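Structure first, then comments.
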Amino acid sequence: MSILNKTKSKQIVSTICLLFFLISCKNPLKPGAYNNKSIKIDSTIVPDSAIDAQIRPFRQKLDAIMNRQIGYTKVAFTKTEGESLLGNFVADAIQQKAQKLTSAKVDMGAVNNGGLRSPLPKGKITVGHVFELMPFENELVLVELSGKQMKEYFNYQIGKKLHISNTKVKAKGKYLSEAYINGNPLDTNQTYTIAMSDYMASSEPAFIKAVKQTKLNLKLRDLLIQYFEEHTALKDTIQPTISGRLIIE
Amino acid sequence: MNRRDFIQQATLATGGIIVANHIPSWAGDTEEINLTILHTNDMHSRIDPFPNDGRKYGGMGGMARRATLIKKIRSLTKNVLLLDSGDVFQGTPYFNYFGGELEYKIMSQMGYDASTLGNHDFDNGLKGLQQMLPHANFPLLVANYDFKNNGFKDYFKPYKIFEKQNLKIGVFGLGIEFEGLVPTQLHENTIYLDPVEKAKEMVYDLTKKGCDLVVCLSHLGFRYDEKKISDTILAQKVSGIDLILGAHTHTFLDQPMVTQNKEGFRTMIAQVGWAGIKLGKIDITFTRKKQEKKYEGASIDVNPN
C-alpha cells in the first residue's frame, strides 16, 4: 500500500512479500516510478466542441445580464498588501449606501479582504465585474459597538486585512496604538455604528454575534451595482484613494 | 506521440530528481501497471477562461479546454483517475444563476471519478447542494462530516475504492472545520469530526480492503502559520496516506511536496492553485519486481495538438 516508504518497514514488507510469494508466487504491486507535473490550461488548447456547445445556452443567458455597463473607472481597482483601492472603494460604498438606508449615523464601512474575490479593471464596468468581485449572497448589516468593543474589534482585525472607511487606525506590531473615527479619537464612552456584511457580523471575533444588529435587506453585490449606477447618473467617476487608513508600524 | 515518448519528452523538458532504490527482484515478476491521476481543486465555477482584460491569469483556464486535455491524456494512457478536492461552486454568475448545475454536468462528461466537499459547496445550503447532485454522476466523498442531524447522510460517502487493471486505489475525502467559513444555517448542524482520527480510520479500513494506494481528497488547506490542521500536519500525524490532493488555500505547487513523518512514512502532497488554471497530473508505475522512486516535477506547457 505504501508508495514511498520502505526503510523502516523493509523487514516487515520483506516478510510479507516472502509470505505472499510463497502463497501466490507473486510479489505485491508496489508503486515505483513517478512523473508529476501540472499542466497549464491556456489558449494553445482547443476547447472541446461538445462541452462548449453545452455551455453556450447558459453563457448566452448570462451575457444578456452581465454585459450591461453600469459605470467607468479611470484606473484598475486592485487588491494589494494592506490598504488598497479595491478595499477602500468597497468600504466607502458600504458606508455611503448604508447611510442612505438609515436615520442613524453610520460611522464606518468595513469589508474583509477575503470577501473581495476579483479586482475591477480600468475602463468599462459591467454587472458581471461586480458579480466576480462579490459573488456571495451576503447582505448589508448595521452593527452597534461600544467604543471598548471597537478597540477589541480593531485589535482582533490587525494583521487580518480589514478594509475600513472614515477611519484611521495605527497599530504597533499586533496592537492598536491610535484610532480616529470621523476625524476624532476613538471614544470608549461612545457607541459606534458599523456597516458590514452579515457574514462578517456572524463570524469573528465571537462577541460580534451578540451585539445589536440591523439587517438592511440589501445584498452587497446589489449595493455596489447601485453605487456605480448612481455615480454614473450624476456623471461622476468613482476615484478611491489610498489615505493611510490602516498603518502598521 | 505514444505515451512513453510523451513522458520521456516531459522528463527531458523538466529535468528531474531521480532517487532509485532497488530491492532484489524475484524471477518472473515483470508485470508493470501504469496509473495516471489527474486532479483539480477550487475550480470556483470558472467554466469559461478568465477574461483577457489585463488581470492576473487573464485568458487562462476553461472547462472545455480542460475536457480536450483530459481526452488527449485518456487516449494515451489506459488507467486514469480524475479527481477533485472541492469548492467546485461559487465565484462566477454561473453559480449565482444556475446553482452548480453546469459545473457538475461538465465534470460528469469529463469523467470525474470523485470530488469532496469544499466550504463553498455549501453556499446554497445542503439543500441547494442536494438539488444539484442529480447532475453529478460521480460521488462526493467526505469522511469527517457527520450528517446524522440533518438527514443528508445518504448523499455522501466517506470513501470509494477504484479498481484499475490489477490495482485497487482507495480514495477518501476530508472537509474543513465550519467555524468562520460555513454558517450553521447552510450546513444544517452537520458535525465536523477530527480529520486526523478519521484519516487513521480510513487508512486502516482501506489497507484492510487491499488497497495498493491510499489517496486523500482534502479541503483542509496546504499549510497555515497557526497550528490549524492542514495537509502538511495531516501527513505528519497520519501514516499510510500515499497521496494528498489538497485544496482551499489555492496553493500552486508546481511540484508536489514529499514529506516524511516521524514514523518514516512518506506522503506526497499536491495542489494546483484554483479556477482550473492548471490540471495536475501524477503518473505512477507499479511494479512487482523492485521498488524505485523517481520524482519528476515542474510545471510545463503541453500543447496537446
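The values are calculated or read from the model by the stated rules, or taken from the named source; none is laboratory data. Owing to the predicted nature of the structure, the values given are computational and were not obtained by experimental measurement. Cβ sites come from the backbone with ideal geometry, for glycine too, and all protein chains shown count toward neighbours. When the accessible area is computed, the model is the full protein with side chains, heavy atoms only, and any ligands, DNA or RNA have been set aside. Shrake-Rupley method; radii C 1.70, N 1.55, O 1.52, S 1.80 Å.
Here is how the numbers come out for the structure above:
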| read-out | value |
| --- | --- |
| Entirely in the stretch B:79-136, the helices (runs of 4 or more DSSP H) that have 3 or more residues that are crowded, with 18+ Cβ neighbours inside 10 Å and within 14 Å of chain A (Cβ to nearest Cβ) | B:93-98, B:101-110 |
| Of all residues making up the stretch A:190-229, the number that are assigned to a helix (DSSP H, G or I), among the charged types (D, E, K, R) and farther than 26 Å from A:H129 by Cβ | 1 |
| Members of the stretch B:147-171 that are within 21 Å of the chain's Cα centre (by Cα) and open to solvent by 30 Å² or more (accessible area, probe 1.4 Å) | B:Y155, B:K157, B:P158, B:Y159, B:K160, B:I161, B:E163, B:K164, B:Q165, B:K168 |
| Among the candidates B:D53, B:D48, residue that is surrounded by 18 or more Cβ atoms within 10 Å (Cβ to Cβ), assigned to a loop (DSSP other than H, G, I, E, B) and among the acidic types (D, E) | B:D48 |
| Single residue of the stretch B:273-288 satisfying the filter (open to solvent by 10 Å² or more (accessible area, probe 1.4 Å) and of a type in the set (K, R)) that is modelled with the highest pLDDT | B:K278 |
| Of residues in the stretch A:80-113 being among the polar types (S, T, N, Q) and assigned to a loop (DSSP other than H, G, I, E, B), the one surrounded by the most Cβ atoms within 10 Å (Cβ to Cβ) | A:S84 |
| Tally, over the stretch A:43-86, of residues that are over 26 Å from the mean Cα position of the chain (by Cα), more than 24 Å from B:N96 (Cβ to Cβ) and more than 7 Å from chain B (Cβ to nearest Cβ) | 2 |
| Unmet criterion (only one of (1) open to solvent by less than 10 Å² (accessible area, probe 1.4 Å); (2) assigned to a strand (DSSP E or B)) for A:L142 | (1) |
| Enumeration of residues in the stretch B:241-272 that are on the phi > 0 side of the Ramachandran plot, surrounded by fewer than 21 Cβ atoms within 10 Å (Cβ to Cβ) and modelled with pLDDT of 95 or more | B:H250 |
| Of all residues making up the stretch B:190-246, the number that are closer than 30 Å to A:G159 by Cα, in contact (Cβ under 8 Å) with a residue 60 or more places away in the chain and away from every other protein chain (no Cβ under 14 Å) | 3 |
